[in-house]
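Every read-out reported here was derived from the displayed coordinates using simple, explicitly stated rules and does not represent laboratory data. Please read these numbers as outputs of a predicted model, since none were measured by experiment. Methodologically, a virtual Cβ is constructed for each residue, glycine included, from the backbone with ideal geometry; neighbour enumeration extends over all protein chains shown.
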Amino acid sequence: MTIKEYVSCRKQQLKDVVNTLTKVPQLIIINANEDPASKSYINGKLKDAALLNIDAKLIQLEPNVTQEQLIRLIEKYNDDSNCDGIIVQLPLPKHIDESIIKLTISKDKDVDGFHPLGTLNPCTPQGIINYLHHENITLEGKNALVIGRSNIVGKPMAKLLLNENCNVTICHSKTKFTDLKNYVENADIIVIAIGKNGFLDERFNYKSDAIIIDVGINRTLEGLKGDAKENLPVKLQTPVPGGVGLLTRLALYENLIKICLTKEKNNDGI
Ligand code: GUN
């Protein structure tokens, strides 16, 4: 099944779950940057919410908002029982400490899965694992290579692949190119998230049954491009656009609905 088909099928299932809830789920999205990429991610999130009968509200702040003001706003929604989930869109303006903001969002409302004490996983890695499971791809004992070590994708991706019993390698900007070539050659699953258009190309040899998960979103004159060149000689390569971005958006609402289901279960019989 293509990612588009999988996502649309899963959204229908999620919508059915939302319709069984006693309260309309509410998601608060706080944005403090003027980055066009963030605007387009947020628009995607709002569109999905409308389709799933979820009440998503965007709070657009000025980029000169202070850290204190942002913390107070988050605390207001932490205390609001009608609000089920909170997202603070990244990147934040330079004068705001991202790690403090991540810890301010209640771990029980952290839809992004960034809180160290929360039970939910970050959306991009979780969305990728969900798709691989759906496609019945065996992960146990496979050589998984993660290229990129960001806090949002690379690091949590490596952890989730390890939980799936993969042999995990992480490569990054300081990895020697000759070493990277060896790792790529031996990889069954490659997840790349480095923000370099077409980095994976014919300079590398691939296993013919390898799987490439392309997390890159690079804006070029020819439109959105991934970190891998198109049509590499492998078994499965996720497209850009129409690939991992859709899986991330789906995982976000999977997380929100998990929060709502847990709340309803805990309120049972009260
Ligand atoms: N900016 C880019 N990706 C993400 C994400 O997954 N969550 C948030 N909050 N901001 C982002």
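In terms of its Cα atoms, the chain spans 57, 42, 35 Å along the principal axes, sorted from long to short. Checked against a 21 Å cut-off, the cross-linked pairs 142/196; 39/225; 102/225; 45/258; 39/159; 155/176 give Cα-Cα distances beyond that limit for 142/196; 102/225; 39/159. Note that the range 53-95, at 20 °C in a medium of 1.002 mPa s, gets a Stokes-Einstein diffusion coefficient of 183 µm²/s from its Kirkwood radius over C-alpha pairs. Each peptide in 244-256, 227-239, 123-135 was scored by the mean count of other Cβ atoms within 10 Å over its residues; highest first, the order is 244-256, 123-135, 227-239. Each residue of the range 234-247 was assigned a 3J(HN,Hα) from its phi angle through the Karplus curve 6.51 cos²θ - 1.76 cosθ + 1.60 (θ = phi - 60°); the sequence is 10, 6, 8, 9, 6, x, 9, x, x, x, 4, x, 5, 5 Hz, with glycine and proline shown as x. Rounded to the nearest 20 debye, the dipole magnitude of the range 32-175 is 460 debye, with +1 charges on Lys and Arg beta carbons, -1 on Asp and Glu beta carbons, and the Cα centre as origin. Positive end of the dipole of the chain (Cβ unit charges, origin at the Cα centre): among 21, 154, 33, the Cα lying farthest that way belongs to 154. Quick check: the angle from helix 154-163's long axis to the longest principal axis of the chain, C-alpha only, nearest 10 degrees? Roughly 80 degrees, rounded to the nearest 10. Per-residue packing, averaged as other Cβ atoms within 10 Å, sorts the ranges 51-64, 146-159 into the order 146-159, 51-64, beginning with the highest.
Starting from the coordinates of the alpha-carbon atoms of the range 1-127, obtain the Kirkwood hydrodynamic radius over all distinct pairs and give the value in Å to one decimal.
Computed over Cα pairs of the range 1-127, the Kirkwood hydrodynamic radius comes out at 15.6 Å.
Here's how it looks for residue 143: its modeled amide H is under 5 Å from those of 167, 188, 189, which are all 5 or more places away or on a different chain. Across the range 128-143, coupling constants 3J(HN,Hα) worked out from phi with the 6.51/-1.76/1.60 Karplus curve, θ = phi - 60°, read 5, 4, 4, 5, 4, 4, 4, 7, 6, 8, 5, 9, 4, x, 7, 7 Hz, and Gly and Pro carry x. Close amide H partners of residue 212, meaning residues 5 or more places away or on another chain with modelled amide H under 5 Å apart, are 190, 236, 237, 238.
Both radii were evaluated on the Cα set of the range 107-199; the Rg over Rh quotient, with Rh as the Kirkwood radius, amounts to 0.99. Sorted on the mean count of surrounding Cβ atoms within 10 Å across their residues, most packed first, peptides 84-97, 31-44 read 84-97, 31-44.
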